[in-house]
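Taken together, the values in this text are just the output of simple stated rules run on the coordinates, not laboratory data. This one's a predicted model, so the numbers in the text were calculated from it and none came from an experiment. Here the Cβ positions follow ideal geometry from the backbone for every residue, glycine too, while neighbour counts run over all protein chains shown.
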Amino acid sequence: MMNLFTRLEQETQNERAFLTRSPIIQHVFQGDITLNDYTAFLREAYHHVKHTVPLLMATGAALPESKEWLREAVGEYIEEEMGHQEWILNDLASCGVDKEQVRASQPAAATELMVAYAYDAIQRKNPLCFFGMVFVLEGTSIALADDAAGMIKQKLGLPGSAFSYLRSHGSLDQEHIVFFRDLMNRIDDKAEQDLIIHSAKMFFQLYANIFRTLGSSEQLVEAA
């Protein structure tokens, strides 16, 4: 049987393409992005990244004893991910945004739905579902973050301090995806593999919806 990481890469191609075809991602690489676009992205990133550690904790708590090796890996992830939401707030501050106002704000509907699905999948279905989310978010960041940061910096003339989140989750994060790949390849039960693949497909669509609706809530407020 094919290993899980290879299956993830091969069987989620359509969903990955749906994400990368999001208009705002296309605009970034065409040099057509505004400061409002970038700060809208960071706002929503803050609202889902702040749940990463709580979601990891929920995953670790729900894993069965037979997956103790995976729970230990979750502990390592928790140490690595602690406080990343504060990096995003600092990036926003470097863009001239009041970070405390962002901290107190509400997420867009698409962001809230992705976070809600993550908690629900862990509790209602299987804690392994969370690793579908890891595949989507880490894989997307490694593929796009560095180039996106370079294009946005060039277009908007922002200081390097406005890109700590993107830079930290770009190519420098390669060791994380290798760590993740090795973990996933230890899962050899087909039903468990299928579960994680289904989860990844869902998260590609949910994450794409965040990109495809960026700023729409602000437009609704302005229209009202």
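Below is a table of values for the structure above.
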{"quantity": "Residues ASP146, ASP188, sorted so that the one with the fewest Cβ neighbours within 10 Å comes first", "calculated": "ASP188, ASP146"}
{"quantity": "Qualifying lysines (Cα of each under 28 Å from Cα of LYS67; at least 8 residues distant if same chain)", "calculated": "LYS50, LYS125, LYS190, LYS201"}
{"quantity": "Most fluctuating residue given options GLY31, GLY157, GLY132, as computed from a GNM of the chain linking Cα atoms under 10 Å", "calculated": "GLY157"}
{"quantity": "Footprinting exposure proxy for ARG103, ARG212 (fewest neighbouring C-beta atoms within 10 Å first)", "calculated": "ARG103, ARG212"}
{"quantity": "Cβ-Cβ FRET estimate between GLU86 and GLU112, R0 fixed at 22 Å, reported to 0.05", "calculated": "0.60"}
{"quantity": "Rounded to the nearest 20 debye, dipole of the chain from Cβ charges on Lys, Arg, Asp, Glu", "calculated": "440 debye"}
{"quantity": "Fewest-first sequence of THR34, THR52 by Cβ atoms within 10 Å of each Cβ", "calculated": "THR34, THR52"}
{"quantity": "Kirkwood Rh, angstrom, region 32-213 [1 / mean 1/r, Cα pairs]", "calculated": "17.0 Å"}
